[in-house]
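The next block holds one structure in the form of structure tokens; read it before the comments.
Where a number appears in this text, it was derived from the coordinates with a stated rule and is not lab data. Model, not experiment: these values are computed from the prediction. All Cβ positions, even for glycine, are placed from backbone atoms using ideal geometry, and neighbour counts span all protein chains on display.
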């Protein structure tokens, strides 16, 4: 008998292999579970082993039942029924009865006929009709019957086991694959950061949790690993704390090298400075403008005038008008570029003119058209883009791309108190090469505003 073993991670897959290799009529002999050690996963895994063989054969050929039904009839000796309780001796069975008929058959049909003759002899044994001359054959038949019955029982058991198996949840398998890929990526990342140096790995994890881009982290990690400072070699060997401080200070220096800030707004050579805040709706432009005006007037003693160019919203200028009364600053409400040109060209004694604009979406060209005309005007206007820390990185990138035609002087980030991740600040400034000017941290005017600094950004990113 041709017996083969098939192994797989699930019983269903193992049975599919059996059918694929041995055909749909294959006989399953046994199934079992066992554990093997996986070198790739570095742990023991449970697999299923199925033992099977091809379908029953005669003289190397599979029995075709339909073909068997079409064979010519053969006259076999009749036997008495079981209730007659008659024992027929071997000498009473006349073998020559088969001889004339079988001699007329072709070899293949003759073999099939002999098979049915043997089956008839097994029926004799079942009815207690003992043939002394063929007792050896009958004993082999009984053994074969037991083996077939055993195989049938095993097949029934396997079928029940297959039916009782729970349905495979594909989503769980996908999730397991995702977790496995994450572990592999994490392991590769640790290796790229020098597995012997946990401090570099820790810095990368901190920056990633803060939302810093993968490109910047990879460049930083590669630079940290390549560092060789002769002055610190002895310290690095003798003290883990000094090793941590070394990589941390190196990280800060690397960020300082690429991050740019403008500092507070300053007038140059006692000339009027025109500052215009632009940005999407809801980022806090008007409140930020009032905070900057309060800082310039109260802290620096500058003369400030407030201007509203927001003609989209109803009563949009009322909020800024209230702030101007509180700060005791002049206020003007203008509607378009021409009015602004006439206003600025007049001789004013004010050092700063701060302009508030309506919120605009860079996706709509009609909203950006008025700003485009304002940017083309022959005026010494500085445009500063106001963004919120609660915005997604993709939205920030699209907004900066939409307002770039104004030659932005700086980025102002608001709502630092409402966000836990500050990588967007670093990403936006470095990737677009636009410096930072101010941060706002709440609604209070003028307290909740601060001048953007590199130290503040690093403190937020590394959570120092």
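Things to note:
- Enclosing the Cα atoms of segment 379-464 in their convex hull gives a volume equal to 104 cubic angstrom per residue.
- As a calculated quantity, the FRET efficiency between residue 184 and residue 10 at R0 = 35 Å, using C-beta atoms, amounts to about 0.95.
- Note on residue 260 and residue 372: the extension gain reaches 37.7 nm, defined as 0.36 nm multiplied by sequence separation minus the Cα-Cα distance.
- What the Cβ-Cβ distance of residue 464 and residue 393 gives, at R0 = 25 Å and to the nearest 0.05, is a FRET efficiency of 0.65.
- At full extension, residue 19 and residue 2 could sit 4.7 nm farther apart than now, given 0.36 nm per residue minus the alpha carbon distance.
- A Cα-only calculation for segment 4-55 places Rg and Dmax at 12.0, 39 Å.
- Of every Cα-Cα pair in segment 273-459, the percent that sits beyond 27 Å: 24
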